[in-house]
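The values are calculated or read from the model by the stated rules, or taken from the named source; none is laboratory data. Small disclaimer: the values here were computed from a predicted structure and weren't measured. FYI the Cβ positions are ideal-geometry reconstructions off the backbone, even for glycines, and counts take in every protein chain you see. Quick note on the areas: whole protein, heavy atoms, side chains included, nothing else; ligands and nucleic acids left out. Shrake-Rupley method; radii C 1.70, N 1.55, O 1.52, S 1.80 Å.
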Amino acid sequence: KDVIKIENNNDSETKHDLYDCVFEFCQEEKLEGSNNYLCDKCKVRSQATKQMELYKLPKYLIIHLKRFIRDTSSRRAGMFLKIKDKIDFPIESLDLSTLINSNASDIAKYDLYGVIHHRGELSSGHYYAT
């Protein structure tokens with residue numbers, strides 16, 4: 001199985017597969033604490049859950065991976081850090097059929113057309129395509 005390995009200039013050995021990223025995106029998430037759901041009508045915050053589901057896939061799929069996260073440590077609270085984990089994904093036949101929640105889509109496999117990379121940090125760096 002041919003895959004592209006996203007390389008970076010750090011010592012991160014954490015690796016993920018694109019399937020894992022999409023699967024995680026579609027998992028149920030608890031909204032609690034400062035992320036509680038805010039009711040539009042009564043303006044009361046309460047615990048809730050949310051879940052993304054795929055019902056129909058487009059002819060051309062663009063995936064944007066979240067590469068920055070807010071630092072919650074006391075030393076740098078509120079600042080953003082670059083996520084430097086490596087992501088492997090197939091060059092041909094990215095099959096998302098197992099994640100579609102209906103039979104409405106006859107498009108479920110995608111071939112890689114291009115990748116845009118960011119080298120640098122949040123406040124500076126360069127984008128380039130391959």
For this session: Inspect all residues belonging to the stretch 73-83 and state whether any of them is touching a Leu at 6+ places or on another chain (Cβ under 7 Å), at pLDDT 85 or above and surrounded by 13 or more Cβ atoms within 10 Å (Cβ to Cβ).
Result: no
For this session: Give me the pairs, please: first residue somewhere in the stretch 42-67 and closer than 14 Å to Asp95 by Cα and open to solvent by 90 Å² or more (accessible area, probe 1.4 Å), second residue anywhere and hydrophobic (A, V, I, L, M, F, W, C) and assigned to a loop (DSSP other than H, G, I, E, B), beta-carbon distance under 8 Å, and either six or more positions apart or on two chains.
Result: Lys56/Ala104; Lys59/Ile107
For this session: Please indicate, with yes or no, whether at least one residue in the stretch 112-121 is in contact with a Pro (Cβ under 9 Å, 6 or more places away or on another chain), at pLDDT 85 or above and either open to solvent by less than 80 Å² (accessible area, probe 1.4 Å) or among the aromatic types (Phe, Trp, Tyr) (or both).
Result: yes
Exercise. Somewhere in the stretch 5-17, is a residue surrounded by 14 or more Cβ atoms within 10 Å (Cβ to Cβ), among the hydrophobic types (A, V, I, L, M, F, W, C), modelled with pLDDT under 80 and not in a strand (DSSP E or B)?
Worked result: yes
Seminar exercise, completed: His64 vs (1) part of a loop (DSSP other than H, G, I, E, B); (2) modelled with pLDDT under 80: all pass except (2)
For this session: Filter the stretch 90-111 for residues that are modelled with pLDDT of 85 or more and part of a strand (DSSP E or B) and give the result.
Result: Pro90, Leu94, Asp95, Lys109, Tyr110
Problem set entry | Residues within the stretch 18-41 that are open to solvent by 100 Å² or more (accessible area, probe 1.4 Å) and among the charged types (D, E, K, R), tallied | 5
Exercise. Can you spot a residue in the stretch 33-53 that is under 24 Å from Ala108 (Cα atoms) and either of a type in the set (Asp, Glu) or modelled with pLDDT under 85 (or both)?
Worked result: yes
Exercise. So which pairs qualify, if the first residue must be in the stretch 119-130 and more than 18 Å from Asp85 (Cα to Cα), the second must be at pLDDT 85 or above and open to solvent by 100 Å² or more (accessible area, probe 1.4 Å), the Cβ gap must be under 7 Å, and the two must be at least 6 apart or on different chains?
Worked result: Ala129/Ile116
